[in-house]
1. Kindly indicate whether residue 136 is in a loop (DSSP other than H, G, I, E, B) and in contact with a helix residue (DSSP H, G or I) (Cβ under 8 Å, 6 or more places away or on another chain).
2. Please tell me if residue 18 is surrounded by 16 or more Cβ atoms within 10 Å (Cβ to Cβ) and either over 18 Å from the mean Cα position of the chain (by Cα) or touching a residue at least 60 places away in the same chain (Cβ under 8 Å) (or both).
3. Residue check, residue 39 against (1) on the phi < 0 side of the Ramachandran plot; (2) modelled with pLDDT under 95, all met but one. Which one?
4. Going by what's in this entry, would residue 71 be described as in contact (Cβ under 8 Å) with a residue 24 or more places away in the chain, exposed (fewer than 15 other Cβ atoms within 10 Å of the Cβ), assigned by TED's automatic domain parsing to the domain that holds residue 25 and in contact with a helix residue (DSSP H, G or I) (Cβ under 8 Å, 6 or more places away or on another chain)?
5. Evaluate the following for residue 142: is it in the same structural domain as residue 79 (by TED's automatic domain parsing) and touching a helix residue (DSSP H, G or I) at 6+ places or on another chain (Cβ under 9 Å)?
6. Can you pull out the residues in region 71-80 that are assigned to a loop (DSSP other than H, G, I, E, B) and over 19 Å from residue 33 (Cα atoms)?
7. Considering only residues of region 81-124 that are touching a residue at least 12 places away in the same chain (Cβ under 8 Å) and either part of a loop (DSSP other than H, G, I, E, B) or in contact with a strand residue (DSSP E or B) (Cβ under 6 Å, 6 or more places away or on another chain) (or both), which is surrounded by the most Cβ atoms within 10 Å (Cβ to Cβ)?
8. I'm told residue 27 meets every condition in (1) within 27 Å of residue 97 (Cβ to Cβ); (2) in a helix (DSSP H, G or I) except one. Can you identify the failing condition by its number?
């Protein structure tokens, strides 16, 4: 639900579940993930810690808490969480890379698995981040310029968006009328 931007609904479901089972580590973890997503890292850390008290052998909990602690500026805490995660998953390239980064160790490049995982997590939010946060309006600007050019010099026009895959330009020009 977080990937679908339904964080509030997901939070309500977690809260109802935790009312019935306050010691449910997966629910505590899920609530931590949601709280981080909605910008409440202090509360997220609290829920990850509660889950870790119940399941101290869960490497995913250490990984989640490390990200929240890093966000809060607790680099030492984040480093310790990643070290704990690596006790259970010693070959995890993502945890190794993040740990090296937090320890200011420069590597030649990020592991392929880390890049792939990062891309997969970011893909669902790319358009929203690009347009909303970065204020990317190039497709709209180009569409407006194209519309003005067509209005001043009517031509027969067929368009194909061969951009980088966002589809933003295709969406911006889809309603431009073909002129003859």
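1. Numbers: in a loop (DSSP other than H, G, I, E, B): yes; in contact with a helix residue (DSSP H, G or I) (Cβ under 8 Å, 6 or more places away or on another chain): yes.
The answer is yes for residue 136.
2. On the way: surrounded by 16 or more Cβ atoms within 10 Å (Cβ to Cβ): yes; either over 18 Å from the mean Cα position of the chain (by Cα) or touching a residue at least 60 places away in the same chain (Cβ under 8 Å) (or both): yes.
So residue 18 fits the description; yes.
3. Among (1) on the phi < 0 side of the Ramachandran plot; (2) modelled with pLDDT under 95, residue 39 violates only (1).
4. Working: in contact (Cβ under 8 Å) with a residue 24 or more places away in the chain: yes; exposed (fewer than 15 other Cβ atoms within 10 Å of the Cβ): no; assigned by TED's automatic domain parsing to the domain that holds residue 25: yes; in contact with a helix residue (DSSP H, G or I) (Cβ under 8 Å, 6 or more places away or on another chain): yes.
It is false that residue 71 is in contact (Cβ under 8 Å) with a residue 24 or more places away in the chain, exposed (fewer than 15 other Cβ atoms within 10 Å of the Cβ), assigned by TED's automatic domain parsing to the domain that holds residue 25 and in contact with a helix residue (DSSP H, G or I) (Cβ under 8 Å, 6 or more places away or on another chain).
5. Numbers: in the same structural domain as residue 79 (by TED's automatic domain parsing): no; touching a helix residue (DSSP H, G or I) at 6+ places or on another chain (Cβ under 9 Å): yes.
So residue 142 fails the test.
6. Keep residues of region 71-80 that are assigned to a loop (DSSP other than H, G, I, E, B), which gives 72-74.
Of everything in region 71-80, nothing turns out to be assigned to a loop (DSSP other than H, G, I, E, B) and over 19 Å from residue 33 (Cα atoms).
7. For region 81-124, the residue satisfying everything is 92.
8. Condition (1) is where residue 27 drops out.
The values are calculated or read from the model by the stated rules, or taken from the named source; none is laboratory data. This structure is a prediction, so every number in the text was calculated from the model and none was measured. Don't worry about glycine lacking a Cβ; one is built from the backbone with ideal geometry, like all the others, and counts go over all protein chains shown.
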